[in-house]
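Colleague: Sending over a structure as structure tokens; questions will come in a sec.
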There are 2 protein chains.
Amino acid sequence: MNIDRASLIPALKNIATRLRIDSVRATSEAGSGHPTSCMSMADITAALFFAEMRFDPKDPKNPESDRFVLSKGHAAPILYSAWAEAGAFDRAELMKLRELGSDLEGHPTPRLPFVDVATGSLGQGICAAIGTALNARRIKSDYRTYVLLGDGESAEGSVWEAADVATVDKLDNLCGITDVNALGQSRATMWEHDMGQFERRWKAFGWHAIVIDGHDLAQILDALAEAKATKGQPTMILARTLKGKGVSFVEGKNGWHGKPFKKGEELERALAELEKQFVPVPEAGPAANLSGHIPKPASKPHGVDNPKPVAPPAYKMGDLVATREAYGTALAKLAEADPRVVALDADVKNSTFSDRVEAVAPERFYQNFIAEQVMVGAAMGLAARGAIPFPSTFACFLSRAADFVRMSAISNVGIKLAGSHAGVSIGEDGPSQMALEDLAMYRAEPNYTVLYPSDAVSAERLLALMAYHPGPAYMRTSRPKTPVIYKNEETFTIGGLKVLRESAADVATVIGAGITVFEALKAYDQLKAAGTAIRVIDLYSLQPIDRDALVAAARATGGRLITVEDHYAAGGIGDAVAEAVAGDGFAVHRLAVREIPRSGKPEELVERFGISAKHIVEVIRTLKV
Amino acid sequence: MNIDRASLIPALKNIATRLRIDSVRATSEAGSGHPTSCMSMADITAALFFAEMRFDPKDPKNPESDRFVLSKGHAAPILYSAWAEAGAFDRAELMKLRELGSDLEGHPTPRLPFVDVATGSLGQGICAAIGTALNARRIKSDYRTYVLLGDGESAEGSVWEAADVATVDKLDNLCGITDVNALGQSRATMWEHDMGQFERRWKAFGWHAIVIDGHDLAQILDALAEAKATKGQPTMILARTLKGKGVSFVEGKNGWHGKPFKKGEELERALAELEKQFVPVPEAGPAANLSGHIPKPASKPHGVDNPKPVAPPAYKMGDLVATREAYGTALAKLAEADPRVVALDADVKNSTFSDRVEAVAPERFYQNFIAEQVMVGAAMGLAARGAIPFPSTFACFLSRAADFVRMSAISNVGIKLAGSHAGVSIGEDGPSQMALEDLAMYRAEPNYTVLYPSDAVSAERLLALMAYHPGPAYMRTSRPKTPVIYKNEETFTIGGLKVLRESAADVATVIGAGITVFEALKAYDQLKAAGTAIRVIDLYSLQPIDRDALVAAARATGGRLITVEDHYAAGGIGDAVAEAVAGDGFAVHRLAVREIPRSGKPEELVERFGISAKHIVEVIRTLKV
């Protein structure tokens, strides 16, 4: 934008004042919210939206648009106000803040077209910003990503995971701004206004750090220009601000976090102070209408992301292949065929076999080292910009990113998580490396797809389905090698299951998934030899679940359903089946791991913790048939 | 220990060689494990255990003992070897590493008396070490805490949360050592041997940082002495090492992570190289037997931690009190009565009401700022040393520490978590602030106690039970004010429930907890007015659960059980009840939140998301009675 500073700064100052007024009004109208957290960042926001970023307020999802992530999501009102000021929607909507009928929620969610990922759990936005910055590189765009953090938020470890990854990846298209207003929710922040504490940390982590007065628009504009000119490393602008800036009786004062001004005298006094802060601006020229002069994103033709066809699985029945290895093979095939597919690792690529993606598409393989939060957060940012990201690690270590999983569900963003080494069947490494609560975690999120293949063919088929199914998804894979039981042509569906053994004489249905499918098949053989027939189901899709098929199996087998899972008893296969059939009055007998396990050989542990063929046979024999 | 360096160093060198030999032998015998990760830290371990720490190998739990936390838990074999060398157990046991019958598991767990907390999920040990260091302050002991980290591990954000908290708390009784062996599992680490990267980061975070050669025993001893002499800040010793140190064909080489030497020629070659590294030591004097000269911990009388009696709750029936506030009140009373009780906050003390503990016992109130991982990790360390720690924050943000919760279950350590602001009933702040999957998370852990009070009296009573119940526990509290429904004298039990309404004519049982108890009571009133009787249960203890009482209620009310919960459908109250009654063939009708919610007024959301009295009444009316 070609506007002289002398005209630009007063115009921005007036926008900042309007953003403050909106934030104050909207939160008072709502009766809740965080006006003072908005007020500290108003000058920064005005400069970013109306003198720095390239975007189209009417087309916020434009692939070439600069991105803005509000990591301190509780300042949502000023984000909404900025977009209204830019012309994205009618300013009157702002007064519906936090109402059930409005998408202007208490914290931003992607129900709003200009929000990439939901924020409001601190320390996550900067991880998502890593993802949007990586995506620019993926699509060879020069769009920039800006992320605004709170100072209190900087205590979250995830912020420092992001700091490392941005440095290693040399993300000079990423600019952070920390709003150092020195006040947290309940007290002064850790470092208050000691700007050197912040500067030392960000520099030590390899960022270009710039300390400024966050209410001085000239300093803000200079810092943003310096950030843009800085190559080979990301920039963090550390802005010293005052919480509640602009209203004398709250400015820099503790005890005002998350408190709107009381309607009536208190609100009127605040507004009167703010109204006085408008300054004269030129009546003509761009400064008179900065919203009308926001630079549009470059419109350049993007390659159409038509994936090439993928060859079907190429296994032989009976081959011994761990599903984690089949996952790596399948993902590499998919990555070769579709440029949107990317993989993210946390230094276990040789265990999850995601190194096969690195081998075929190194430019779409992102190494996060041992930092699961930024791995999942970056995937959220990538997915929000059109990539199909597959973050993977040991299933138990994905729990490190549980809060990110929660926020990915709220964002309803298409990340495709894969967790390997599930259950006691990993063996000697012991309980710290065993995921036994992962199914509970993902099933709890109502919009998560949860898949659990038992063999290499189903792993490859389900991976392809998962990639193109909308929304977030999780695949659980296993460490032990298991025989291929499906033909390469076999088809699977999200929400489906496979009946592997069935006869009119079945006395019960045994439902497994992953490695317990093979325990069920062993039990089938043993019982058959003794003259008892059972039905065996491979429940490869836990969520959604094939309710009708489960009810039909229950009806056909005397209502006797036995689940068996390499997972703790709560939240896994047993509970999933139990809920599916409850409406028809059926109950479920669950075999699951019911105590904290320990080291041992895989087969010893499957036996010791009650989920082996022997235990299935015992249950069937005690059934009153 | 008064031994001249000239005698001490060769003696330590020989111990380091023995530790390497043990680690190599044990992992080869087990056929799995991480010998090279042990070998890089052998010299450091020898110096720590046999020239620095005060402890009694026969009494590892001594309250005055120095603590050693192996944050890089995969190096477990050398930890075991060090304790065997010290005389804690027979060295022959080491060869049972990773066997089902041995407590020498793949990663350390507190099944071993010298392990405070389980490690093996990286970045957690240093958080626990914060807790053991804080505990020294609590009991006015001068014991020191040593924590050994891997370099790859330093990418975990939790490490930097710990770094900040240790600095703010000026923990000069804490000494970290980072084993910078430059190789991760799958590749070189982020910063390889660039020691300046580590030094800059730790210094920026306020630690005294010392860079040394981790194989030079004189440098190690000097650094440990310097750490001990450093006051007002924690020390991090950054030790440059070689992975696989001591065996030429693996030393510093990639591709050897987690690989034992193959029995036979490969193992013999490694052992032959190591055996050659023994050096002459004096045949008499302490250096000839360092294990016999480990300085014992100070034996000083500790105050007996007999808690004073606590006054009963002091509420009036019908008073409106949020359970989160009752939690704060109750915890402050308990903290006044029992010096073992401590509270940990993540800058929401004014929302969780843990600030009431700060008011009465500021020296036992630990502020972690917005860093949930270190808050929970520190609680684990505190609990392992005899404190009764209550970490609390919004229930949804405790999910940030999900992997710590998992490890606390493996550790079976008595942390007492409290999560406030559960469910859609928080209202306008929106989904990012609502915990709707927390019950699933805690219930999944088989040894977690899970409590969910509905009113102030039950909150206070359950908090006291939780404090003294062995093992980890979680209490869920609510934001809205709810009426007091129990008399102050009412008694509760872990594993109990309360039948609030009951008659011989009940057509169904409605089971709620927390705020849904009041929806159930409203439904009761409405149905009663229409001539229908229902039974109402307050299921305040979800785990353990009162199976017998639930089955009895099912039997008495035609097998019709309806659960209603401010939680997603999977993993919560519905699933808990369903599993409890499944053995008796009963199924459960579940009312729960089944989609991602949004901002709105609490009562609007309870209605919109299907868990209000109206929905209960509708279900009852459609039952075929």
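Colleague: Considering only residues that are touching a residue at least 24 places away in the same chain (Cβ under 8 Å) and within 14 Å of another protein chain (Cβ to nearest Cβ), look in the stretch A:202-232 and name the one that is surrounded by the most Cβ atoms within 10 Å (Cβ to Cβ).
Modeller: Step by step, filter the stretch A:202-232, then rank; the result is A:202.
Colleague: Out of curiosity, is residue B:356 in contact with a strand residue (DSSP E or B) (Cβ under 8 Å, 6 or more places away or on another chain), in a helix (DSSP H, G or I) and open to solvent by 10 Å² or more (accessible area, probe 1.4 Å)? Show your work before the answer.
Modeller: Working: in contact with a strand residue (DSSP E or B) (Cβ under 8 Å, 6 or more places away or on another chain): no; in a helix (DSSP H, G or I): yes; open to solvent by 10 Å² or more (accessible area, probe 1.4 Å): yes.
Taking the combined requirement at face value, the residue does not satisfy it.
Colleague: Looking at (1) in a loop (DSSP other than H, G, I, E, B); (2) among the hydrophobic types (A, V, I, L, M, F, W, C); (3) within 13 Å of chain A (Cβ to nearest Cβ), find the lone condition where residue B:310 falls short.
Modeller: For residue B:310, the failing item is (3).
Colleague: What strands (runs of 3 or more DSSP E), lying completely within the stretch A:366-451, carry at least 1 residues that are within 13 Å of the chain's Cα centre (by Cα) and under 20 Å from residue A:543 (Cα atoms)? Spell out how you get there, then give the answer.
Modeller: Working: elements: A:388-394, A:416-420, A:449-451.
Passing ranges, in order: A:388-394, A:416-420.
Colleague: Checking residue A:551 against (1) more than 19 Å from residue A:480 (Cβ to Cβ); (2) out of contact with any Gly (no Cβ under 9 Å at 6 or more places or on another chain); (3) open to solvent by less than 10 Å² (accessible area, probe 1.4 Å); (4) more than 10 Å from every other protein chain (Cβ to nearest Cβ): exactly one of these is not met. Which one?
Modeller: For residue A:551, the exception is condition (2).
Colleague: Let me ask something else about it. Taking the stretch A:363-392 as the region of interest, how many residues are in contact with a strand residue (DSSP E or B) (Cβ under 7 Å, 6 or more places away or on another chain) and not acidic (Asp, Glu)?
Modeller: Residues meeting the conditions: 17.
Colleague: Inside the stretch B:452-545, counting only strands (runs of 3 or more DSSP E) that do not spill past its ends, which hold 2 or more residues that are surrounded by 21 or more Cβ atoms within 10 Å (Cβ to Cβ)?
Modeller: Working: elements: B:473-476, B:481-483, B:498-501, B:509-512, B:535-538, B:541-543.
The strands (runs of 3 or more DSSP E) meeting that bar are B:473-476, B:509-512, B:535-538, B:541-543.
Colleague: Could you tell me how many of the residues in the stretch A:413-434 are open to solvent by 10 Å² or more (accessible area, probe 1.4 Å) and at the interface with chain B (Cβ under 7 Å from one of its Cβ atoms)?
Modeller: Selection size over the stretch A:413-434: 3.
Colleague: Also: Is there any pair with a first residue in the stretch A:353-368 that is more than 18 Å from residue A:419 (Cβ to Cβ) and away from every other protein chain (no Cβ under 13 Å) and a second that is in a helix (DSSP H, G or I) and open to solvent by less than 20 Å² (accessible area, probe 1.4 Å) whose Cβ atoms are under 8 Å apart and which are 6 or more apart or on different chains, and what are they?
Modeller: Matching pairs, first to second residue: A:360/A:332; A:360/A:335; A:361/A:332; A:361/A:335; A:364/A:335; A:364/A:357.
Colleague: Would you confirm whether or not the stretch B:240-254 contains a residue that is modelled with pLDDT of 95 or more, surrounded by 21 or more Cβ atoms within 10 Å (Cβ to Cβ) and more than 27 Å from residue A:429 (Cβ to Cβ)?
Modeller: yes
Colleague: Output the residue which, of all residues in the stretch B:575-590 that are of a type in the set (Gly, Ala, Ser) and at the interface with chain A (Cβ under 7 Å from one of its Cβ atoms), is surrounded by the most Cβ atoms within 10 Å (Cβ to Cβ). It would help to see each step written out before you state the result.
Modeller: Filtering the stretch B:575-590 for residues of a type in the set (Gly, Ala, Ser) gives B:576, B:578, B:580, B:582-583, B:585, B:587.
Subsequent filtering for residues that are at the interface with chain A (Cβ under 7 Å from one of its Cβ atoms) retains B:578, B:582, B:585, B:587.
Working: B:578: 25, B:582: 21, B:585: 13, B:587: 22.
Looking at the filtered set, the residue picked out is B:578.
Colleague: Name the single residue that is farthest from the other protein chains (Cβ to nearest Cβ) among those in the stretch A:94-150 being small (Gly, Ala, Ser) and more than 23 Å from residue B:596 (Cβ to Cβ).
Modeller: So the residue we want is A:141.
Colleague: Output the number of residues of the stretch B:254-279 satisfying the condition of being free of Cβ contacts under 8 Å to residues at least 24 places away in the same chain and of a type in the set (Lys, Arg). Break it down stepwise before answering.
Modeller: Here is the first cut: in the stretch B:254-279, the ones free of Cβ contacts under 8 Å to residues at least 24 places away in the same chain are B:255, B:264-266, B:268-269, B:272, B:276.
Narrowing further to those that are of a type in the set (Lys, Arg): B:269, B:276.
Result for the stretch B:254-279: 2.
Colleague: Shifting gears a bit: Considering only residues of the stretch A:67-97 that are open to solvent by 10 Å² or more (accessible area, probe 1.4 Å) and assigned to a loop (DSSP other than H, G, I, E, B), which is farthest from residue A:384 (Cα to Cα)?
Modeller: That would be A:90.
Colleague: Can you name the number of the only condition in (1) touching a Pro at 6+ places or on another chain (Cβ under 9 Å); (2) open to solvent by 10 Å² or more (accessible area, probe 1.4 Å) that residue B:105 fails?
Modeller: Here residue B:105 meets the rest and fails (2).
Colleague: Please tell me if residue A:587 is within 33 Å of the chain's Cα centre (by Cα) and closer than 22 Å to residue B:580 by Cβ. Break it down into steps so the answer makes sense when it comes.
Modeller: On the way: within 33 Å of the chain's Cα centre (by Cα): no; closer than 22 Å to residue B:580 by Cβ: yes.
So residue A:587 does not fit the description; no.
Colleague: Continuing with the same structure: Only one residue in A:135, A:181, A:173 is closer than 22 Å to residue A:407 by Cα and in contact with a Lys or Arg (Cβ under 8 Å, 6 or more places away or on another chain). Which one? Explain how you work it out, then say what you get.
Modeller: Details: A:181 fails: closer than 22 Å to residue A:407 by Cα; A:173 fails: closer than 22 Å to residue A:407 by Cα.
Testing whether each residue is closer than 22 Å to residue A:407 by Cα and in contact with a Lys or Arg (Cβ under 8 Å, 6 or more places away or on another chain) leaves just A:135.
Colleague: If I ask for residues that are part of a strand (DSSP E or B) and of a type in the set (A, V, I, L, M, F, W, C), which ones from the stretch A:546-572 would you list? Walk me through it before giving the result.
Modeller: Within the stretch A:546-572, the subset part of a strand (DSSP E or B) is A:561-568.
Scanning the stretch A:546-572 gives A:561, A:562, A:564.
Colleague: Let me ask something additional. Among the listed residues A:325, A:336, identify the single one that is away from chain B (no Cβ under 14 Å), of a type in the set (Asp, Glu) and under 16 Å from residue A:476 (Cα atoms). I'd like the intermediate steps shown before the answer.
Modeller: Working: A:336 fails: under 16 Å from residue A:476 (Cα atoms).
From the options A:325, A:336, the qualifying one is A:325.
Colleague: Next question, about the same structure. Quick check: anything in the stretch B:181-194 touching a Gly at 6+ places or on another chain (Cβ under 7 Å) and farther than 30 Å from residue A:191 by Cβ?
Modeller: Filtering the stretch B:181-194 for residues touching a Gly at 6+ places or on another chain (Cβ under 7 Å) gives B:184-185, B:189.
Then keep just the ones that are farther than 30 Å from residue A:191 by Cβ; that gives B:184-185.
Checked the stretch B:181-194: at least one residue is touching a Gly at 6+ places or on another chain (Cβ under 7 Å) and farther than 30 Å from residue A:191 by Cβ.
Colleague: Could you tell me whether residue B:437 is acidic (Asp, Glu), more than 27 Å from residue A:595 (Cβ to Cβ) and either at pLDDT below 95 or open to solvent by 10 Å² or more (accessible area, probe 1.4 Å) (or both)? Don't jump to the end; show me each part of the working.
Modeller: Numbers: acidic (Asp, Glu): yes; more than 27 Å from residue A:595 (Cβ to Cβ): no; either at pLDDT below 95 or open to solvent by 10 Å² or more (accessible area, probe 1.4 Å) (or both): yes.
The answer is no for residue B:437.
Colleague: Filtering the stretch A:554-569 down to residues that are open to solvent by 10 Å² or more (accessible area, probe 1.4 Å) and small (Gly, Ala, Ser), which residue is farthest from the other protein chains (Cβ to nearest Cβ)?
Modeller: Keep residues of the stretch A:554-569 that are open to solvent by 10 Å² or more (accessible area, probe 1.4 Å), which gives A:555-556, A:558-560, A:569.
After this cut, where a residue has to be small (Gly, Ala, Ser) as well, the list is A:556, A:558-559, A:569.
On the way: A:556: 18, A:558: 12, A:559: 8, A:569: 7 Å.
Going through the qualifying residues, I end up with A:556.
Colleague: Please go through the stretch B:591-625 and pick out each residue that is part of a loop (DSSP other than H, G, I, E, B), closer than 21 Å to residue A:407 by Cα and open to solvent by less than 40 Å² (accessible area, probe 1.4 Å).
Modeller: B:596, B:597, B:598, B:599, B:600, B:609
Colleague: Of all residues in the stretch A:135-169, which are more than 20 Å from residue A:181 (Cβ to Cβ), touching a Leu at 6+ places or on another chain (Cβ under 6 Å) and aliphatic (A, V, I, L, M)?
Modeller: A:166, the sole residue that qualifies.
The values are calculated or read from the model by the stated rules, or taken from the named source; none is laboratory data. Since the model is a prediction, treat every value here as computed from it, not as a measurement. Positions of Cβ are backbone-derived with ideal geometry, glycine not excepted, and every protein chain shown enters the neighbour counts. These area figures cover heavy atoms from the full protein model, side chains too; ligands, DNA and RNA do not enter into them. Shrake-Rupley method; radii C 1.70, N 1.55, O 1.52, S 1.80 Å.
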